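As structure tokens, the structure follows; a few thoughts come after it.
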Amino acid sequence: MRYGLQQFFLIAVLSCMGGAAFPQEQPGLRERAEELYRRYEYANAAKLYTKLVDTRRPRLQDLERLAESYWRMNDYESAENWYARVVRHEGAPAGSLLMYGQVLKVNGKYAEAKRQLEAYAGKTGSDSTVAAQIAGCDSALRWMASPTLHRLRNETAVNTANSEFSVFPSGGGVYYAGEPASASPANTYGWTGKAFLRVYTAPLSAAGTLGGPTLASAGIDDAKYHAGPLAAGKDGSTLYVTRTHTGRDVASRKEAGKRYRTHTLELYIYRQEDGAWVAEPFAYNDVKAYSVGHAALSPDESVLYFVSDMPGGQGGTDIWYSERQADGSWGSPVNAGPAINTAGDELFPGIAPDGTLYYSTDGLAGMGGLDVFKSRGSKDRWGTPENLRYPVNSAADDFGYLVYEEDGSGYRGFLSSDRRGGMGGDDIYSFSYEKPKIIIILKGTTSDKATGERLPAAAVTLYDGQREIVARKSSSGAGTFEFVLDRNQAYTVLGQKEGYHADSARVSTHGITRSDTLEVALLLEPVFRVGQTFELENIYYDFDKHNIRADAAAILDELVRTLRDNPTLRIELSSHTDSRGSHAYNESLSQRRAQSAVDYLVSRGIARDRMVAKGYGETKLVNRCADGVPCSRDEHQANRRTEVTVLAY
């Protein structure tokens with residue numbers, strides 16, 4: 001989640017001035033959606049736009065704003081679903097190809113992202129606009145095929161379904177920024193629908209893992225809006241905290257007859273005096289003109305680095321610095337220079353013990369979203385930035401990279417990311433870097449299950465035991481692939497190719513004590529024949545209910561991806577019951593369940609006219625369990641199923 005980009009720097013908090021949120025007369029659905037959109041309340045606007053586009057001929061602008069809302073909310077899976085609809089809409093502007101390409105890239109679909117970006121360049125002649133993004137697609141494919149030696153661990157003790165990010169060690173623990181689990185409407189950020197950020201603390205073990213969190217002291221966490229992230233001096237008595245300005249003396253704009261305030265970010269310096277935190281604003285905050293935040297200190301604490309969109313930068317948000325003066329105050333800000341700052345956004349700087357600068361940017365060729373780079377130097381003199389590659393970087397936003405411990409064999413630190421496989425929005429990851437003592441190789445093949453012929457250019461992904469992506473590459477022209485494995489790990493290797501069902505295999509290196517080579521064969525079966533029917537496994541409903549449960553939604557999301565990636569596919573989605581209950585009741589219940597499933601798919605971006613909901617009740621039993629036949633619970637369960645039949649492809 002890009003706390004630090006559009007959400008957190010350019011538009012920290014927006015408030016409406018003068019009167020009620022809506023006009024006195026009852027507004028229509030579209031008017032309410034557009035008002036919420038103008039107020040940057042994207043989570044609320046998306047709900048209304050979803051209703052507006054559920055029609056045979058949805059308006060292009062409604063589709064665009066719905067797709068953009070999900071993009072702004074960092075729900076990239078949903079954004080992809082809706083941008084796929086936008087680019088196929090008659091009259092869609094060339095810019096939609098750019099946005100679709102960007103969201104595909106963030107979702108790790110680099111080959112398709114490159115095609116969309118090249119299509120945009122071809123339509124507009126703006127090759128230079130997307131050159132870095134296209135280069136990033138090519139680089140990402142290489143980097144995922146040959147990962148670095150970083151080993152990441154999701155810090156489950158602190159991560160939640162919300163966002164946690166930007167760890168800073170201090171004393172025997174760490175500070176970090178996070179979204180509280182619940183909040184009143186007044187303490188909810190309309191952009192995301194989540195609570196405003198607060199500063200948390202957690203203990204740091206000798207092994208480099210985090211313990212259970214607590215909110216920081218009230219003296220730090222008393223902000224009305226966002227509080228965090230922060231940096232601390234070596235002795236822990238001085239904190240540099242990013243906060244949202246809460247006053248009314250801010251810039252405003254007028255749109256659609258209303259005036260809106262933009263509450264920018266500012267940097268506050270907290271000092272501990274007599275056991276309490278005393279805050280003072282950074283001397284160069286200017287809430288009417290720009291934001292300031294994301295502080296970092298040089299190892300000797302003589303230079304304060306920070307991020308700002310103040311005038312005089314290279315574009316977007318830049319890294320700036322101030323030098324400590326003889327009287328202890330901070331000198332006038334100086335831009336850190338064009339070697340590290342770009343026309344994009346530079347964010348979340350961190351200085352390692354050896355003085356290396358780590359920071360995130362979307363202005364250089366990267367894997368998608370924000371990528372972490374490093375550069376050596378100081379102040380406004382820096383070397384060429386170097387991308388940290390995969391797995392530090394991913395298709396999502398990766399930031400808050402910090403090295404806190406180094407020795408001769410490697411180093412340890414923390415990273416923040418909203419990559420897939422996490423617990424919620426942004427998650428905190430600890431990492432280690434060290435060279436392996438033995439080499440274990442996995443060799444494999446991809447083949448057509450029906451013919452036995454080798455399949456070249458199949459996408460092969462290696463997952464660890466927590467379903468985190470370890471590496472990804474395409475099988476060779478001969479249908480072969482190869483990965484390097486770690487000791488004492490469980491893996492799943494997945495093969496995928498358009499027009500085929502995926503196949504996977506499990507591999508374990510537990511007990512291997514010397515260098516070795518393992519082998520696996522992936523067999524992919526052709527898919528999508530008209531008339532073909534397959535069951536959606538593990539779609540369960542509560543007794544006598546037809547609403548979609550969270551566990552069923554996760555299965556239906558896989559169907560969403562299949563329909564999105566195969567735009568000519570039309571299906572019948574059918575629901576079946578067992579024989580208990582009357583025929584009429586079972587038919588009615590199954591129809592409601594099938595319709596609920598179709599409605600869910602529509603809410604996720606699939607056009608309603610591509611699907612038919614059909615409830616068959618007990619008319620298509622798969623076993624002997626008809627009326628009056630005694631059967632076990634498992635036998636009845638086999639008849640309660642959801643199926644998909646291919647109508648056209």
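The values are calculated or read from the model by the stated rules, or taken from the named source; none is laboratory data. All figures in this text were calculated on a predicted structure; none of them were measured in a lab. Glycine gets a Cβ as well: all are built from the backbone with ideal geometry, and neighbour counts include every protein chain shown. Ligands, DNA and RNA are stripped out before the accessible areas are found, and what is left, the full protein with its side chains, is counted by its heavy atoms. Shrake-Rupley method; radii C 1.70, N 1.55, O 1.52, S 1.80 Å.
Annotations
- Computed from Cα atoms, the angle from the helix 42-52 axis to the main principal axis of the chain rounds to 30 degrees.
- Where the alpha-carbon atoms of segment 262-356 are placed on the principal axes, they occupy 45, 38, 22 Å, in descending order.
- Percent of Cα-Cα distances greater than 17 Å, calculated over segment 580-649: 50
- Across all directions, the average flat footprint of the convex hull enclosing the Cα atoms of segment 405-514 is 9.1 nm².
- Distances between every pair of Cα atoms in segment 27-155, grouped in 10 Å steps from 0 to the bin holding the largest one, split as 13, 35, 30, 16, 5, 0 percent.
- Using alpha carbons only: equivalent-ellipsoid semi-axes of segment 80-227, gyration tensor based, whole Å: 39, 23, 12
- Helix 29-38 axis, angle to the chain major axis (alpha carbon atoms, nearest 10°): 30
- The antiparallel fraction among DSSP beta bridges confined to the chain stands at about 90%.
- When each of the peptides 394-402, 336-344, 514-522 is scored by how many other beta carbons lie within 10 Å of its residues on average, the order from highest to lowest is 394-402, 336-344, 514-522.
- Pairs of Cα atoms farther than 19 Å apart, segment 292-343, %: 23
- Tilt relative to the chain, helix 550-565 - C-alpha long axis, 0 to 90 degrees, to 10: 90
- Based on C-alpha pairs under 8 angstrom that are at least 6 apart in sequence, segment 329-412 has a relative contact order of 28 percent.
- Accessible surface comparison of 305, 540, probe 1.4 Å, protein chains only, largest first: the order is 540, 305.
- Solvent-accessible area assigned to carbon and sulfur over the chain amounts to 49 percent, based on a 1.4 Å probe.
- A convex hull fitted to the Cα coordinates of segment 295-423 yields 119 cubic angstrom per residue.
- Candidate lysines for bridging to residue 443, where Cα separation is under 27 Å - those fewer than 8 sequence places away on the same chain excluded: 109, 435, 473, 497
- The chain, dipole about Cα centre (Lys/Arg Cβ +1, Asp/Glu Cβ -1), debye to the nearest 20: 1540
- Distance between segment 69-94 and segment 522-601 - C-alpha centres, whole angstrom: 25
- With R₀ set to 25 Å, the beta-carbon distance separating residue 434 from residue 234 gives a calculated FRET efficiency near 0.45.
- Solvent-accessible surface of segment 299-346, averaged per residue with a 1.4 angstrom probe and all protein chains in place: 38 square angstrom.
- Under 27 Å from residue 545, Cα to Cα: lysines that are on another chain or at least 8 residues apart: 47, 51, 614, 620
- Average Cα contact separation per residue, segment 500-649, under 8 Å, 6 or more apart, as relative contact order %: 32
- In plain terms, the chain from residue 519 to residue 29 could stretch by 170.6 nm, reckoned as 0.36 nm per residue minus the Cα-Cα distance.
- Descending by average beta-carbon neighbour count within 10 Å, the peptides 107-120, 616-629 line up as 107-120, 616-629, the highest first.
- Here the contact order of the chain, divided by its residue count and restricted to Cα pairs under 8 Å and six or more residues apart, works out to 11 percent.
- Reachable aspartates and glutamates, given that their alpha-carbon falls under 15 Å from the alpha-carbon of residue 437 and they are not under 8 places away in the same chain: 486, 516
- Volume of the Cα convex hull of segment 87-168, divided per residue and given in Å³: 152
- Rg to Rh quotient for segment 446-498, alpha carbon positions, Kirkwood Rh: 1.02
- Remark: segment 78-133 is approximated by an ellipsoid whose semi-axes, taken from the C-alpha gyration tensor as √(5λ), come to 16, 15, 7 Å, largest first.
- For the chain, calculated [θ]222 nm from helices alone, where every DSSP H run of n ≥ 4 adds -39500 (n - 2.57): -7000 deg cm²/dmol
- Restricting the calculation to Cα atoms, the chain shows an Rg/Rh of 0.99 when the hydrodynamic-style radius is the Kirkwood one.
- For segment 392-549, the antiparallel share of DSSP beta bridges with both residues in that region comes to about 80%.
- Calculated FRET efficiency for the pair residue 88/residue 554, C-beta based, R₀ 30 Å, to 0.05: 0.70
- The alpha-carbon atoms of segment 534-639, seen along their principal axes, cover 44, 23, 22 angstrom, with the largest extent given first.
- Local charge for residue 556 was computed over the other residues whose Cβ lies under 11 Å away, with Lys and Arg +1 and Asp and Glu -1, and equals -1.
- With K and R counted +1 and D and E -1, the other residues having a Cβ less than 13 Å from that of residue 405 yield a net charge of -3.
- Across segment 515-563, Cα-Cα distances exceeding 14 Å account for 70% of all pairs.
- Residues in segment 291-301 carry Karplus couplings, in order, of 9, 9, x, 6, 7, 8, 10, 5, x, 8, 6 Hz; the curve used is 6.51 cos²θ - 1.76 cosθ + 1.60 with θ = phi - 60°, and Gly or Pro positions show x.
- Scaled radius of gyration (Cα, divided by 2.2 N^0.38 Å) that segment 468-600 gives: 1.44
- Amide N of segment 305-335 lying under 16 Å from the label point, which is placed 7 angstrom from the Cα of residue 283 along Cα→Cβ: 305-306, 321-335
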